[in-house]
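Visitor: Here you go, one structure.
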Amino acid sequence: MRLTAEETARAARFFTDGIKSLASRPVRIMEVCGTHTVAIFRAGIRQLLPATVELVSGPGCPVCVTPNEYLDTAIAYSRRPDSIITTFGDMLKVPGSESSLMAEKARGADIRIVYSPLDSLTIAKENPGKKVIFLAVGFETTAPTAAATILQAGQQGLTNFFVLSAHKLVPPALKAILATPETKVDGFLLPGHTATISGLEPYRFVAEEHGVPAVVTGFEALDILQGVYMLLEQISAGKAELMNQYRRVVKAEGNPAARNILDQVYQPDDAAWRGFGVIAGSGLGLTADFRRFDAKVALPLARVESREAAGCRCGEVLRGLIIPADCPHFGLSCTPEQPVGACMVSVEGACAAWYKYGQGRWKYE
């Protein structure tokens with residue numbers, strides 16, 4: 001049911017007043033998802049909160065957490081004359097160690113933007129003499145679509161379609177954050193779209209094992225305000241529970257059909273994250289039945305040497321250790337037009353959001 005403008009305003013006042021009454025001490029809340037970060041800025045939610053409530057971004061931007069090693073590998077494949085790279089558009093400008101996919105495309109590499117992984121199958125059929133490599137980047141939300149594409153490729157008998165997989169799972173990254181003493185988080189706003197697939201169970205450890213309140217939250221302004229309010233109610237009462245604000249979409253059991261597709265094609269694997277290093281069981285690798293579609297297995301490359309940009313603190317932003325304005329590059333040598341790090345490239349990146357919405361020059365006191 002949609003609220004009227006008057007009802008929306010009344011609900012917003014209720015939650016903001018409640019937050020102010022509950023925020024008697026400094027509280028640090030991490031919005032894990034990049035979509036939340038953008039929604040918070042767009043709606044001006046930070047300006048509605050009392051100074052005692054600090055919102056900090058987390059590792060929920062899939063482009064941002066993809067390390068340079070992956071990008072450099074994709075660039076190496078793009079330089080092969082027999083390859084066509086297919087990718088979502090937000091990967092093009094992400095800088096690798098020495099180049100980017102956009103720069104390689106300008107030099108003549110065959111790199112094509114697709115709007116669905118399934119588009120890559122059409123390209124593979126139309127180019128039987130080429131190796132079509134899809135850059136499979138994303139979290140639990142997008143992984144089922146990639147898995148369905150691989151199933152389709154198998155059913156259609158395609159032998160020139162491959163994926164370079166960098167799919168990741170959110171819960172292991174949260175475990176890594178909670179195991180880092182430097183990261184002080186009093187509560188988590190959890191991503192509603194990944195929970196739509198996984199359900200609530202994978203997130204229960206946050207409250208039950210670490211004693212940190214967590215709320216699965218939607219993406220409208222009222223969703224986020226209510227999520228913050230629900231967290232502060234728990235913190236004020238000294239409780240730690242996993243709660244579901246996004247009940248109109250997220251079910252406790254998630255989406256069993258989507259998980260079934262994932263389980264057919266993928267299995268948990270160790271994965272490297274920007275800012276974190278390798279996190280055990282945080283990635284999705286292809287199972288033995290579908291490993292023939294793994295570009296790294298079917299089309300081996302010489303070892304790719306990678307490095308991060310000097311002075312870039314994107315990794316610390318993703319871990320909630322600093323805010324974007326703490327990076328010496330931010331807004332100076334690093335802008336969306338000429339990004340130094342991945343956090344300034346993606347529309348879901350914290351640095352890009354801070355820059356776009358004019359928050360680059362102030363910091364929390």
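The values are calculated or read from the model by the stated rules, or taken from the named source; none is laboratory data. In this text, all values refer to a predicted model and were calculated from it rather than measured experimentally. Cβ placement follows ideal geometry from the backbone for every residue including glycine, while neighbour counts extend to all protein chains displayed. SASA here: full protein model, heavy atoms, side chains in, ligands and nucleic acids out. Shrake-Rupley method; radii C 1.70, N 1.55, O 1.52, S 1.80 Å.
Visitor: Scan the range 149-169 for residues that are part of a helix (DSSP H, G or I) and either crowded, with 24+ Cβ neighbours inside 10 Å or of a type in the set (Ser, Thr, Tyr) (or both) and jot them down.
Guide: 149, 150, 153
Visitor: Please go through the range 74-98 and give me each residue that is aliphatic (A, V, I, L, M) and crowded, with 21+ Cβ neighbours inside 10 Å, ordered by number.
Guide: 74, 75, 84, 85, 91, 94 - these are the residues of the range 74-98 that are aliphatic (A, V, I, L, M) and crowded, with 21+ Cβ neighbours inside 10 Å.
Visitor: Hey, could you check the range 254-307 for residues that are of a type in the set (D, E, K, R), in a loop (DSSP other than H, G, I, E, B) and within 23 Å of the chain's Cα centre (by Cα) and say which is surrounded by the fewest Cβ atoms within 10 Å (Cβ to Cβ)?
Guide: 307
Visitor: Return the total of residues in the range 184-206 being open to solvent by 10 Å² or more (accessible area, probe 1.4 Å) and part of a helix (DSSP H, G or I).
Guide: Residues in the range 184-206 being open to solvent by 10 Å² or more (accessible area, probe 1.4 Å) and part of a helix (DSSP H, G or I): 8 in total.
Visitor: Considering every residue within the range 243-253, establish whether at least one is in contact with a helix residue (DSSP H, G or I) (Cβ under 6 Å, 6 or more places away or on another chain), hydroxyl-bearing (Ser, Thr, Tyr) and crowded, with 17+ Cβ neighbours inside 10 Å.
Guide: yes
Visitor: Need the failing condition index for residue 340 against (1) modelled with pLDDT of 90 or more; (2) out of contact with any His (no Cβ under 7 Å at 6 or more places or on another chain); (3) closer than 17 Å to residue 64 by Cβ; (4) open to solvent by 10 Å² or more (accessible area, probe 1.4 Å), just the number.
Guide: (2) is the only condition that residue 340 fails.
Visitor: Another one. Does residue 207 count as under 23 Å from the mean Cα position of the chain (by Cα) and more than 27 Å from residue 9 (Cα to Cα)?
Guide: yes
Visitor: Yes or no: residue 30 aliphatic (A, V, I, L, M) and in a helix (DSSP H, G or I)?
Guide: The answer is no for residue 30.
Residues are listed down the side, and each one gets a yes or a no for (1) modelled with pLDDT under 95; (2) of a type in the set (Asp, Glu); (3) under 16 Å from residue 140 (Cβ atoms):
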| site | (1), (2), (3) |
| --- | --- |
| 166 | no, no, yes |
| 171 | no, no, yes |
| 175 | no, no, yes |
| 183 | yes, no, no |
| 189 | no, no, no |
| 198 | no, no, yes |
| 211 | no, no, no |
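Visitor: Identify the residue in the range 124-148 that is outside any helix (DSSP H, G or I) and charged (D, E, K, R) and, among all such residues, is least open to solvent (accessible area, probe 1.4 Å).
Guide: Looking at residues that are outside any helix (DSSP H, G or I) and charged (D, E, K, R), I get 140.
Visitor: So which residues in the range 34-62 are open to solvent by less than 30 Å² (accessible area, probe 1.4 Å), hydroxyl-bearing (Ser, Thr, Tyr) and in a helix (DSSP H, G or I)?
Guide: The answer is 37, and nothing else.
Visitor: Can you confirm whether the range 64-73 contains a residue that is closer than 30 Å to residue 222 by Cβ, open to solvent by less than 30 Å² (accessible area, probe 1.4 Å), assigned to a helix (DSSP H, G or I) and in contact with a strand residue (DSSP E or B) (Cβ under 7 Å, 6 or more places away or on another chain)?
Guide: yes
Visitor: Could I ask something else about it? Name the pairs whose Cβ atoms lie under 8 Å apart, with the first residue in the range 270-298 and without any contact (Cβ under 8 Å) to a residue 40 or more places away in the chain, the second among the β-branched types (Val, Ile, Thr) and not in a helix (DSSP H, G or I), and 6 or more positions between them or separate chains?
Guide: So the pair list comes out as 270/278; 270/279.
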